[in-house]
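Colleague: Here you go, one structure.
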Amino acid sequence: MNLILLGAPGAGKGTQAKEICKKFGIISISTGDMIRDALRSGSDLGLKVKSYMETGKLVPDDIVVDIVKERLKKDDCKNGFILDGFPRTIPQAEALDIMAVKIDKVIDIDTPDDVIVARISGRRVCEKCAAIYHMENIKPKVEGICDVCSGTLLKRKDDEPSTIMERLKVYHEQSEPLKDYYKKQGKLVSVDGTKGIKNATEEILKALVNTL
Ligand code: AMP
């Protein structure tokens, strides 16, 4: 099963991707995580994307499309995958169609801006394994320490309030039109992102069971 997860930054894509992967034995491909890895490693790619990412802008389509194209060639994608954070623009979706990658369903986690802002402000991410926490909703067992790998939990640079507003603007302008794009392909499923993590997972799983 190959899936796409859509939703504003902070809608819970990463958290839901983890649950879906566990349930269906597929892998999650997060372009955001791959870009952050490139930044951390100081690679050429990292240097190219640094300024976009840190100011809440999208990395240019050709760069992200190349990253995803290479990633999808790997063997671990053969049993199925979730694309978390890709596509984020219509040209990226068109590039994916041209790659002739079969997509079964596109899940949109629908969450209003005010909920997003509150949520992102409390988000913390493990610097080592990228596990996601929230200061109120998903607390680690020990404050500031990752339950999975004991890494330090940090606030993402692009989760600062001024950058969040820019990311939301970019989302509405460039990514939200993808809902219509996939609706026209008959693949879109929308779930309510405001009723808690468990509720959203249940809604997603219900929609996916019919896909198998
Ligand atoms: P995320 O972790 O998915 O919120 O992504 C963090 C940042 O990585 C975004 O704000 C963009 O700068 C960049 N990014 C991730 N995925 C994409 C994409 N598909 N297209 C362009 N930029 C992306």
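The values are calculated or read from the model by the stated rules, or taken from the named source; none is laboratory data. The shown structure was predicted, so the numbers you read here are calculated from the model rather than taken from an experiment. Methodologically, a virtual Cβ is constructed for each residue, glycine included, from the backbone with ideal geometry; neighbour enumeration extends over all protein chains shown.
Colleague: I82 - would you say it is modelled with pLDDT of 95 or more, surrounded by 15 or more Cβ atoms within 10 Å (Cβ to Cβ) and under 14 Å from the mean Cα position of the chain (by Cα)?
Modeller: Yes.
Colleague: In segment 93-109, how many residues are of a type outside the set (A, V, I, L, M, F, W, C) and touching a helix residue (DSSP H, G or I) at 6+ places or on another chain (Cβ under 9 Å)?
Modeller: Number of matching residues: 4.
Colleague: Let me ask another. I need the full set of residues from segment 78-89 which are within 9 Å of the ligand (Cβ to nearest atom) and of a type in the set (D, E, K, R), in order please.
Modeller: D84, R88
Colleague: Considering only residues of segment 16-27 that are crowded, with 21+ Cβ neighbours inside 10 Å and within 23 Å of D159 (Cα to Cα), which is farthest from the ligand (Cβ to nearest atom)?
Modeller: Going through the qualifying residues, I end up with Q16.
Colleague: Please go through segment 112-130 and give me each residue that is in a loop (DSSP other than H, G, I, E, B) and buried (at least 20 other Cβ atoms within 10 Å of the Cβ), ordered by number.
Modeller: If the condition is that a residue be in a loop (DSSP other than H, G, I, E, B) and buried (at least 20 other Cβ atoms within 10 Å of the Cβ), then no residue fits.
Colleague: Scan (1) within 28 Å of L205 (Cα to Cα); (2) crowded, with 16+ Cβ neighbours inside 10 Å; (3) without any contact (Cβ under 8 Å) to a residue 12 or more places away in the chain for the single condition K141 breaks and write down its number.
Modeller: (2)
Colleague: Further, regarding this structure: Check off (1) touching a helix residue (DSSP H, G or I) at 6+ places or on another chain (Cβ under 9 Å); (2) surrounded by fewer than 13 Cβ atoms within 10 Å (Cβ to Cβ); (3) part of a helix (DSSP H, G or I); (4) of a type outside the set (S, T, Y) for D158 and give me the number that stays unchecked.
Modeller: Only one criterion in (1) touching a helix residue (DSSP H, G or I) at 6+ places or on another chain (Cβ under 9 Å); (2) surrounded by fewer than 13 Cβ atoms within 10 Å (Cβ to Cβ); (3) part of a helix (DSSP H, G or I); (4) of a type outside the set (S, T, Y) is unmet by D158, namely (2).
Colleague: Quickly run through segment 173-212 and pick out the residues that are part of a loop (DSSP other than H, G, I, E, B) and farther than 22 Å from R88 by Cα.
Modeller: K195, G196, N210, T211, L212 - these are the residues of segment 173-212 that are part of a loop (DSSP other than H, G, I, E, B) and farther than 22 Å from R88 by Cα.
Colleague: Would you mind telling me which numbered condition in (1) surrounded by 13 or more Cβ atoms within 10 Å (Cβ to Cβ); (2) touching a Gly at 6+ places or on another chain (Cβ under 9 Å) E176 fails?
Modeller: The single condition E176 does not satisfy is (2).
Colleague: Testing K128 on (1) closer than 28 Å to K23 by Cα; (2) modelled with pLDDT under 95; (3) within 15 Å of the ligand (Cβ to nearest atom), one condition comes back false. Which one is that?
Modeller: (3)
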